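Take a look at the structure set out below.
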Amino acid sequence: MTIMAPRKFGDSSDGVVGGRQTRFEGDLKVTGAAKYALEHPVENLAHGVLVPSTIPAGRVVSVDMQAALASPGVLLVLTPEDDFGMRVATDWGGNRPDEPYYPLSREVRYNGEPVAAVIAESREQAVAAAKLIRVTYEEVPHVASLDDPNAGEGNQLEHLSASWGDAEAAYAAAPVKVEAEYKTPREYHVAMEPHGLTAKWDGDHLTVWEPSQWSHGMARSYAEWFGLPFENVHLISPFIGGGFGSKGAALAHGAVAAFAARKLGRPVKLALTRPQNFTGYGGRAATRQTIKLGATKDGVLQAIVHRGASETSTYGVWPEQTGAATPIMYKVENLSSEHRVVPVNTVTPGALRGPGKNPSAFGIETAMDELAAQLGMDPLELRLKNYADRDYQSGKPWSTRRLREAMTEGAEAFGWSKRNHAPRSMKDGSTLIGWGMACGTFPVIQAPSEAMIRILGNGRVEVVSGAIDMGQGTYTILAQTAAEIFGVPVDQVEVHLGDSRMPGSAIAGGSMLAGSILGAVHKAASAARDELIGLALSEPNSPLRDTGANTLTFSGGRVSVGGEGPSLTLPELMQSLGRDVLEIRRNTLPDGASMEDQRQAWTTMAKVEGPTMGEYSMHSWCAHFAEVRVDEDFGTVRLSRMVSAFDCGRLYNPRMVESQWRGGIIMGIGQALLEEGLVDMRNGRTVNNNVADYLVPTNADVPDIQVISVGVPDYNASALGGKGVGEVGIVGVAPAIANAVFHATGKRVRELPVTLEKLI
Ligand code: MCN
Ligand code: MOS
């Protein structure tokens, strides 16, 4: 269990909901005291490594492991021959086929799929022995990527289609038309902390130290794999070095390590190499989409026709939904949107910050810029002119949508009114200057959570939850919430997170955690405070008993009647009540939810609700404004300035939020200018599968980023009025930058990233 002991704080006014409290666990991180999963010391460790396939498609015919077995320190070699005795676990969609699970696959479906594993006394010995393994394959023809001529059209996913009016007819009749194809490449999470774990068995109890975005969901997978009760698995993940969507699910390497640990009767640590991190969990799928916009001569949208496709694997369906943002951005009476998935020989792609919305915004927001250019209109004016007064897809009113304010206030801060709208009109010597804008969105996703509040005799307030902090600020906002309710300074609060034995929580994913877990903590803390009030007013030894009050005030570290008369500190109150501890657990499920409902709520996605499940359509919104400087001779693009305005409802901690937004924007800068998984068509391998060749932004690539909040509390979206923050920041960044490049150069780049060879 992790006890937070922060040493330094901002103003006391920062330590409440809405305050700018500094990062609660910051000290632990900068001093190295925060232990990440793979750093957890475990005695008698054995070390595992995976052997990845070197072909993209086919079968493992045989594995020659004699030399590896004879190699120093080797304890165990696992191959597809081994009967793991495991069963397939429930996937994110809630499906659980009744089938055996082989984490080392005999069928090879992508280059890099694990086909063998070596466990040895040391990691070095395991690595050396793994090199001696000879795998014989029977290869079959493969489809390398979406660009492979054999990729085919793929399969249309009906549930992702949207349609109203008669889009094709309205497009045909529209006096002004834009039609273009937009492409995004494979992109990867590149978290600093690699995937990996230590697995340890005690009888039929399994402990797993593993970075996780979802302690309960991942513990369930381990339990299901091994046919164990959920309670027998203990997954521990107090700190994470970046997940960005990649650490929400238990993966094959976890199964291998846990199986090996059981077989050897000793703990096994297994960490993926950097290249293996590109195939351990899939990155963002490559996408392509065609958008047709029809408009009147004065820029009123008449029709949107959208046809998109994304790569998936041959064994799983992950749609990177190119039409996710398209239907809700603008007012349009005729729309048709369809998405296909095209199976290729890749690891199944996965969730990467802003899934779906992100490539979708690249399509629609570039197309809108093209329409503005064709009309000779200010792209901001075009967007405001076609502002969606409601959600045309669901027909529902917005809960809150301050996108207009985001656009106008962002434009004001950026100085947009000084823009000369003609491309190539703004220069500084041989440097072309471009200003571009684009909008973004991410849905409010709601899920139940549970939390426990413990008040100790010494007055410390503990918040306990299985929720995850991978850097977003969960520790901090939970501490602020409890501090506010008990009227104590934040340093009187301790937060315990990231443990599947703690109360269940929503995934730190889909930007749903903060709204969900704060609801639970607020409920549990309010209940604990009510309980304390009840006791303080009724217990014979309580000095507050005879005040005749019917409630008490918690403020400035003291409990009193409306701040008047006698007052007690929390420890004094606990002492007078004769209590060492008061513990209250609450969840946000409807009252009377059964144990089965609760189990499902914390360990599956069964109770997760989308943005239009209720009366309203609920989303976060943003508008980005980018300035680029392009060297005309060399085609190099430098982002020189960025202003982004957001509507994410109420902000629980603006300091954390600004950092979330900037983090998302920085990832968007990478997507716009640098990031591209390059596929070798001969063998289906992403060749730049390392941090030297897969480029992400460094400090020198990132200019000053001004972020602005225009949100107002939205109590439909969450108990405390906030909307999601973690993902919306990346959405719309790439089109804003690409639009700025068009404004600078007059060249429209419709395929990310915008690299110099596309400009000269
Ligand atoms: N917050 C707030 N007010 C709100 C909403 C959020 O103050 N109205 C702040 C809180 O500090 C909260 C944080 O923003 O902890 C993120 O909240 P939320 O939007 O609910 O997102 P989650 O907690 O569910 O986090 C997941 C989200 C996702 S899906 C990805 S991907 C992502 C992201 O968060 N990956 C991250 N941010 C990341 N940040 C870091 N450092 N590392 C990652 O891997
Ligand atoms: Mo975020 S991609 O939903 O973890």
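Strands (runs of 3 or more DSSP E) wholly in the range 550-601 with at least 1 residues that are at positive phi and of a type outside the set (Phe, Trp, Tyr) - which ones?
The qualifying strands (runs of 3 or more DSSP E) are 564-569.
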| query | Is there a residue in the range 576-599 that is touching a Pro at 6+ places or on another chain (Cβ under 8 Å) and within 16 Å of ligand 1 (Cβ to nearest atom)? | reply | yes
Over the range 64-82, the set of residues over 18 Å from Ala120 (Cα atoms) and crowded, with 20+ Cβ neighbours inside 10 Å is Pro80
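Every residue, every condition in (1) among the hydrophobic types (A, V, I, L, M, F, W, C); (2) closer than 22 Å to Glu193 by Cα; (3) out of contact with any Phe, Trp or Tyr (no Cβ under 9 Å at 6 or more places or on another chain), yes or no:
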residue	(1), (2), (3)
Glu658	no, no, yes
Leu673	yes, no, yes
Val679	yes, no, yes
Asn689	no, yes, no
Thr698	no, yes, yes
### Condition met for Leu235 (part of a loop (DSSP other than H, G, I, E, B) and either in contact (Cβ under 8 Å) with a residue 24 or more places away in the chain or more than 20 Å from the chain's Cα centre (by Cα) (or both))
no
Sole miss for Lys385 among (1) open to solvent by 30 Å² or more (accessible area, probe 1.4 Å); (2) among the basic types (Lys, Arg); (3) within 31 Å of the chain's Cα centre (by Cα) is condition (3)
Filtering the range 244-273 for residues that are in a loop (DSSP other than H, G, I, E, B), farther than 25 Å from Thr348 by Cα and in contact with a helix residue (DSSP H, G or I) (Cβ under 6 Å, 6 or more places away or on another chain) leaves a count of 1
Screening Gly48, Gly58 for residues that are in contact with a strand residue (DSSP E or B) (Cβ under 8 Å, 6 or more places away or on another chain), touching a residue at least 60 places away in the same chain (Cβ under 8 Å), over 24 Å from Arg274 (Cα atoms) and surrounded by 16 or more Cβ atoms within 10 Å (Cβ to Cβ) leaves only Gly58
(1) β-branched (Val, Ile, Thr); (2) under 18 Å from the mean Cα position of the chain (by Cα); (3) surrounded by fewer than 19 Cβ atoms within 10 Å (Cβ to Cβ) all hold for Thr636 apart from (2)
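Among the residues of the range 193-221, count how many are part of a loop (DSSP other than H, G, I, E, B) and within 16 Å of ligand 2 (Cβ to nearest atom).
Just the residues of the range 193-221 that are part of a loop (DSSP other than H, G, I, E, B), to begin with: 193-195, 203-204, 210-214.
From what's left, within 16 Å of ligand 2 (Cβ to nearest atom): 193, 195, 210-214.
Residues that pass the stated criteria total 7.
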Residue set Ser360, Ser430, Ser336; condition open to solvent by 40 Å² or more (accessible area, probe 1.4 Å) and of a type in the set (Ser, Thr, Tyr); output residue Ser430
The condition of being touching a residue at least 12 places away in the same chain (Cβ under 8 Å), out of contact with any Ser or Thr (no Cβ under 7 Å at 6 or more places or on another chain) and within 16 Å of ligand 2 (Cβ to nearest atom) holds, among Leu301, Leu251, only for Leu251
| Check on Glu25, open to solvent by less than 30 Å² (accessible area, probe 1.4 Å) and over 20 Å from Tyr222 (Cα atoms) | yes
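A quick yes/no check of all residues on (1) modelled with pLDDT under 95; (2) under 26 Å from Ile477 (Cα atoms):
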| site | (1), (2) |
| --- | --- |
| Lys523 | no, yes |
| Glu531 | no, yes |
| Leu544 | yes, no |
| Glu572 | no, no |
Scanning the range 520-537 residue by residue, those surrounded by fewer than 24 Cβ atoms within 10 Å (Cβ to Cβ) and either within 16 Å of ligand 2 (Cβ to nearest atom) or under 11 Å from Thr481 (Cα atoms) (or both) turn out to be His522, Lys523, Ser526
Margin query: Take the conditions surrounded by fewer than 24 Cβ atoms within 10 Å (Cβ to Cβ) and assigned to a strand (DSSP E or B) and apply them to Thr290. Does it pass?
Written below: yes
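Residue by residue, here is whether (1) within 28 Å of Ala467 (Cβ to Cβ); (2) in a loop (DSSP other than H, G, I, E, B); (3) hydroxyl-bearing (Ser, Thr, Tyr) holds:
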position: Ser511; (1), (2), (3): yes, yes, yes
position: Gly519; (1), (2), (3): yes, no, no
position: Lys523; (1), (2), (3): yes, no, no
position: Ser526; (1), (2), (3): yes, no, yes
position: Asp530; (1), (2), (3): yes, no, no
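Against the condition open to solvent by 20 Å² or more (accessible area, probe 1.4 Å) and touching a helix residue (DSSP H, G or I) at 6+ places or on another chain (Cβ under 7 Å), how does Leu589 come out, does it pass?
no
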Pairing a residue in the range 80-103 that is within 17 Å of Val63 (Cα to Cα) with any residue that is open to solvent by 90 Å² or more (accessible area, probe 1.4 Å), where Cβ atoms lie under 8 Å and the two sit 6 or more apart in sequence or on different chains, gives Pro80/Tyr102; Phe84/Tyr102
Checked the range 588-603 for anything among the charged types (D, E, K, R) and in contact (Cβ under 8 Å) with a residue 24 or more places away in the chain; matches are Arg599
Of Ala438, Ala467, the only residue that is farther than 30 Å from His743 by Cα, in contact (Cβ under 8 Å) with a residue 12 or more places away in the chain and either away from ligand 2 (no atom under 16 Å from the Cβ) or crowded, with 24+ Cβ neighbours inside 10 Å (or both) is Ala467
Those residues of the range 240-257 that are in contact with a Lys or Arg (Cβ under 9 Å, 6 or more places away or on another chain) and open to solvent by less than 30 Å² (accessible area, probe 1.4 Å) come to a total of 4
Scanning the range 493-502 for residues that are of a type outside the set (A, V, I, L, M, F, W, C) and touching a strand residue (DSSP E or B) at 6+ places or on another chain (Cβ under 6 Å), the one surrounded by the fewest Cβ atoms within 10 Å (Cβ to Cβ) turns out to be Arg501
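Can you tell me which residue among Asn716, Asn739 is crowded, with 23+ Cβ neighbours inside 10 Å, touching a residue at least 40 places away in the same chain (Cβ under 8 Å) and more than 16 Å from ligand 2 (Cβ to nearest atom)?
Within the list Asn716, Asn739, the selection yields Asn739.
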Quick count over the range 674-686, residues being surrounded by 13 or more Cβ atoms within 10 Å (Cβ to Cβ) and farther than 21 Å from Ala738 by Cβ, is 7
The condition of being among the basic types (Lys, Arg) and closer than 17 Å to Phe278 by Cα holds, among Arg685, Arg655, Arg662, only for Arg685
Residue under question is Ser237, and the condition is that it be at pLDDT 95 or above, touching a Lys or Arg at 6+ places or on another chain (Cβ under 8 Å), within 16 Å of ligand 2 (Cβ to nearest atom) and closer than 23 Å to Gly32 by Cβ; does it hold? no
With the first residue restricted to the range 341-366 and required to be under 14 Å from Arg186 (Cβ atoms), and the second required to be within 15 Å of ligand 1 (Cβ to nearest atom) and hydroxyl-bearing (Ser, Thr, Tyr), Cβ contacts under 7 Å at 6 or more apart or on different chains are Gly350/Ser246; Gly350/Tyr281
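The values are calculated or read from the model by the stated rules, or taken from the named source; none is laboratory data. Here the structure is a predicted model, which is why all the values come from computation and not from measurement. We place every Cβ from the backbone using ideal geometry, glycine too, and count neighbours over all the protein chains shown. Side chains are part of the model used for accessible areas, which takes the heavy atoms of the whole protein and leaves out ligands, DNA and RNA. Shrake-Rupley method; radii C 1.70, N 1.55, O 1.52, S 1.80 Å.
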